[in-house]
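First comes the structure, then the notes that go with it.
The values are calculated or read from the model by the stated rules, or taken from the named source; none is laboratory data. Note that the structure is predicted; figures quoted are calculated from it, not measured. Here the Cβ is made from the backbone with ideal geometry for all residues, glycine too, and neighbour counts use every protein chain on show. What goes into the accessible areas is simple: the full protein's heavy atoms, side chains included, and nothing from ligands, DNA or RNA. Shrake-Rupley method; radii C 1.70, N 1.55, O 1.52, S 1.80 Å.
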Amino acid sequence: MTDIRSNWTVDEVLAVYNTPLVELMFNAATIHRKFNNPREVQVSSLVSIKTGGCSEDCSYCPQAARYHTDIEVHKLMTVDQVMEAAHKAKSGGASRLCMGAAWREVRDNRDFDRVLDMVKAVNGLDMEVCCTLGMLTESQAKKLADAGLYAYNHNLDTSEENYSNIISTRNYDDRLNTIKNVRKAGVTVCSGGIIGMGESVVDRVKMLVTLSSMTPQPESVPINALVPVEGTPLENQPLVPIWDMVRMIATTRVVMPKTVVRLSAGRTQMNDEGQALCFMAGANSIFAGDKLLTTANPDFNSDMELFKTLGLQPREPFQDKTRTTVKQPNQAVLD
């Protein structure tokens, strides 16, 4: 049985990434079937509960206040508005609702209190509740956990070496510290990155090495293809080739066998055949709904049609916390 390793080296992961594509897909698909149900795909819905006006300078993000995009700034939603979105998402087949706020960091104020109320309310629908709110302290992570938060998303975006080329208003350790605080609170971790920002293949690989070195490995790893937005510094980046996405998904599956690998932003740029290759290569989660924070995304109906064609089914909620503990290399993982 394939080991779950926490000591992958850059050279080893680079060798995986550069494996001839058909062979890489076969290897990844084989590993995927050993550790996961290949017919199950987790369906998540992402709601922007507070949009725009962010003080950060993430080069890819249209919500940064300093960039001139057509994003309309919206204040924090009400609990009732979030519940309406949650009911719609659940009826569409989603088992997880992720709430995103364009904040640099969480502050202990009335807005955070309202987010805690949102978490409690959505948790009552028997849905996994995820938040992505920026940097968190340990005490804030504990409050979210006590409210019933199931997962917290905080992407690494890219490699540590490339990070300053994308963002200057925070550093890599800020990202890692928030993930540590989330883990201490007993909340599952969702952390991945974006490809197509001008990074090298080595940058992609180093990001995966950092993620796979976490013990335990993140329960969820989103792989995003950059959606270039006019008005951002990366507006002229070429679209990511589908083969790069398939290769990145497959490599992620090989180095993190039990992690839920999410095919995230950029799906509107892919045809059904491209998405099918990603599912074959080990992707077992998507965001559904017509918006992914502020960018276009396939709607629930089109996704369910694709699932029907491919023989896939939505995954039931609350399965991550039964994950097998990470073992050291050369030790089998016992189910």
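I want to confirm something. Restricting to the stretch 66-80 and keeping residues that are among the charged types (D, E, K, R) and under 17 Å from P228 (Cα atoms), which single residue is modelled with the highest pLDDT?
In this case the residue turns out to be R66.
Give all pairs with beta carbons closer than 6 Å in which a residue from the stretch 140-168 that is under 19 Å from V189 (Cα atoms) meets a residue that is crowded, with 17+ Cβ neighbours inside 10 Å and of a type in the set (K, R); count only pairs at least 6 apart in sequence or on separate chains.
L156/R175; S159/K206
Determine the pairs where a residue that is closer than 11 Å to C61 by Cβ, located within the stretch 219-234, has a partner that is of a type in the set (D, E, K, R) and open to solvent by 10 Å² or more (accessible area, probe 1.4 Å) with Cβ atoms under 9 Å apart, the partner being 6 or more residues away or on another chain.
V229/D70; V229/E235; G231/D70; P233/D57
Could you tell me which residue of the stretch 31-46 is least open to solvent (accessible area, probe 1.4 Å), considering only residues that are of a type in the set (V, I, T) and either in contact with a Lys or Arg (Cβ under 7 Å, 6 or more places away or on another chain) or part of a helix (DSSP H, G or I) (or both)?
Among those that are of a type in the set (V, I, T) and either in contact with a Lys or Arg (Cβ under 7 Å, 6 or more places away or on another chain) or part of a helix (DSSP H, G or I) (or both), it is V41.
I'm told K90 meets every condition in (1) among the basic types (K, R); (2) surrounded by 16 or more Cβ atoms within 10 Å (Cβ to Cβ); (3) touching a residue at least 60 places away in the same chain (Cβ under 8 Å); (4) over 30 Å from E199 (Cα atoms) except one. Can you identify the failing condition by its number?
(3)
Can you tell me which residue in the stretch 230-246 is farthest from Q275 (Cα to Cα), limited to those that are charged (D, E, K, R) and surrounded by 14 or more Cβ atoms within 10 Å (Cβ to Cβ)?
Per the criteria, the residue is E235.
Look through the stretch 1-24, keep the residues that are among the hydrophobic types (A, V, I, L, M, F, W, C), more than 18 Å from P222 (Cα to Cα) and at pLDDT 90 or above, and return whichever of them is least open to solvent (accessible area, probe 1.4 Å).
L24
Could you tell me which numbered condition E105 fails, if it satisfies all but one of (1) at pLDDT below 90; (2) under 26 Å from P314 (Cα atoms); (3) under 19 Å from the mean Cα position of the chain (by Cα); (4) surrounded by fewer than 16 Cβ atoms within 10 Å (Cβ to Cβ)?
Among (1) at pLDDT below 90; (2) under 26 Å from P314 (Cα atoms); (3) under 19 Å from the mean Cα position of the chain (by Cα); (4) surrounded by fewer than 16 Cβ atoms within 10 Å (Cβ to Cβ), the lone unmet condition for E105 is (2).
Can you find a residue that is in contact (Cβ under 8 Å) with a residue 40 or more places away in the chain and over 23 Å from Y60 (Cα atoms) anywhere in the stretch 191-211?
So far as the stretch 191-211 goes, no, none of its residues is in contact (Cβ under 8 Å) with a residue 40 or more places away in the chain and over 23 Å from Y60 (Cα atoms).
List the strands (runs of 3 or more DSSP E) inside the stretch 75-154, counting only whole elements, that have at least 1 residues being charged (D, E, K, R).
By residue number, 96-101, 128-132.
Check I49 against each of (1) assigned to a strand (DSSP E or B); (2) open to solvent by 30 Å² or more (accessible area, probe 1.4 Å) and name the one condition it does not meet.
It is condition (2) that I49 fails.
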